[in-house]
Each structure stands twice: as C-alpha cells, then as structure tokens.
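One structure below.
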Ligand code: ZN
C-alpha cells in the first residue's frame, strides 16, 4: 500500500495534478487547506473527491465555511478567503463544510495544525512536537501540515528530537512520529517545487515535484487575487 500524504494544496491545480501524477499512490490523504490563495478552488476539491482522497479541513477551509474567524488572518490571506467564498460552487462549499481539522485514518492521527490545536497552532519546533505527543498519548504516527515546511519529529519516553527529512525515515515501532509533508500549492522552504510525503512499508520519503508555476500564477493574476500570491510561488516563500 502506497500512501501519498498531501497538505496545503491552496487551490493550486497545476501543483496538485503534478503531485498526483508523480505519486501514483493507492490512496491519497490531504491534511487541510485545500483552498485559499490560489485560483482553482472548485477544480482542486473536485479532483481530490474524484480520486477518493481522505480529506480534513485546514484553517482556510474552516474560514471559507465560516467556522474560523477571518480576523486571525493577515490581510492577503483574508482577501483570498473572501474571494474563495464568493467564487466557489454551492456543492464545493458543502464538501468543505463537512470536513473537520482532525481525524483518524488507518490507525494514524491526522491534524491540520497540531494535535493540541488542530485548526490553528503552527508546530514549528521540538517543544511544540512534545506538547502534541502529550496531548494525545494514543497515536504512534501523527500527520500534520499548516507550516508549509517539510518536517519530522520522533518521540520516545518523553524526549523529542527533530529528524532530517531530506533522507528516507524508517518508522519503527517503539518510537512515535509527527510528520509534515510540506505544501503542495505554496511551499515556503525556498524550494518552489510542490512537496508531498510518500509512505510505503513504514518508510517515509519526502518528494519534490516541478509543476507549471507560470500557469498557476497567470490564473491568480487573472482572478484579481493579490499579486503577491502569484509572485511568491517562484521563490517558494
Ligand atoms: Zn496553508
């Protein structure tokens, strides 16, 4: 069973198609923020539903469906939320409104932000990872997104360390893991290629996929979304 773990697709259809083609997975899981920022919310959600992906909500999906206060967003993100809400089809709205920011899938715990705060916390260091391991002692493998940065943490007996996710990581029993696939639609680690995580036979591999960035940028500009949302895709920031 080959699982492709995606997060933060952010209405970027070009990046999503490139990742799905590259992954050729038996099953796809998406850790939230399907929409927001990009110009293709309907097509992205439809594509994910069509491939039978297991979906949870991110803070942008919650904000679009009026379950998360847009006052927490910066001006650009808030503008993208308003644009998305005004432009999506009613059935896409309903699909997003049915998602929660936390779920179990195949024995793994899926959250958008963190285990202690599934909608909003940015899990950025070993302290936050330790808090998430403590918040729910029952999971061995936790998958999260939200930071747009590939990352991995291992925990055993109260100590937590950050792992180098540039190399494949073997997920052995006896240790707990928190893994972030990075972002499909708006990477922020300086590498503009779409990022995702492949899980097969307890080996986690982070993958990067080139995609039609100019195509995605052209649609963002044509939609009248803030120009920065197109510009930043080149830099992967
Ligand atoms: Zn996001």
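Of the strands (runs of 3 or more DSSP E) that lie entirely inside segment 150-237, those containing 1 or more residues that are under 19 Å from residue 6 (Cβ atoms) span 150-156, 176-181, 194-200, 203-209. Between 53, 57, the distinction of being over 20 Å from residue 236 (Cβ atoms), under 15 Å from the mean Cα position of the chain (by Cα) and buried (at least 24 other Cβ atoms within 10 Å of the Cβ) belongs to 57 only.
Of all residues in segment 202-222, those satisfying the criterion of being closer than 21 Å to residue 87 by Cβ and buried (at least 17 other Cβ atoms within 10 Å of the Cβ) are 216, 217, 219, 220. Check 98, 135 and return the single one that is modelled with pLDDT of 95 or more, within 30 Å of residue 174 (Cβ to Cβ) and surrounded by fewer than 20 Cβ atoms within 10 Å (Cβ to Cβ). So the residue among 98, 135 that is modelled with pLDDT of 95 or more, within 30 Å of residue 174 (Cβ to Cβ) and surrounded by fewer than 20 Cβ atoms within 10 Å (Cβ to Cβ) is 135. Number of residues in segment 15-50 that are in contact with a helix residue (DSSP H, G or I) (Cβ under 9 Å, 6 or more places away or on another chain), surrounded by 24 or more Cβ atoms within 10 Å (Cβ to Cβ) and under 20 Å from residue 102 (Cβ atoms): the value is 7.
Has segment 6-13 got any residue that is more than 20 Å from residue 144 (Cα to Cα), free of Cβ contacts under 8 Å to residues at least 24 places away in the same chain and either away from the ligand (no atom under 13 Å from the Cβ) or in a loop (DSSP other than H, G, I, E, B) (or both)? No; the residues of segment 6-13 include none that is more than 20 Å from residue 144 (Cα to Cα), free of Cβ contacts under 8 Å to residues at least 24 places away in the same chain and either away from the ligand (no atom under 13 Å from the Cβ) or in a loop (DSSP other than H, G, I, E, B) (or both). Among the residues of segment 215-233, is there at least one that is touching a helix residue (DSSP H, G or I) at 6+ places or on another chain (Cβ under 8 Å) and either closer than 24 Å to residue 107 by Cβ or at pLDDT below 95 (or both)? No.
The values are calculated or read from the model by the stated rules, or taken from the named source; none is laboratory data. It should be emphasised that the depicted structure is a prediction, and the values quoted were computed from it without experimental measurement. Ideal geometry is used to build each Cβ from the backbone, glycine not excepted, and the neighbour counts take in all protein chains shown.
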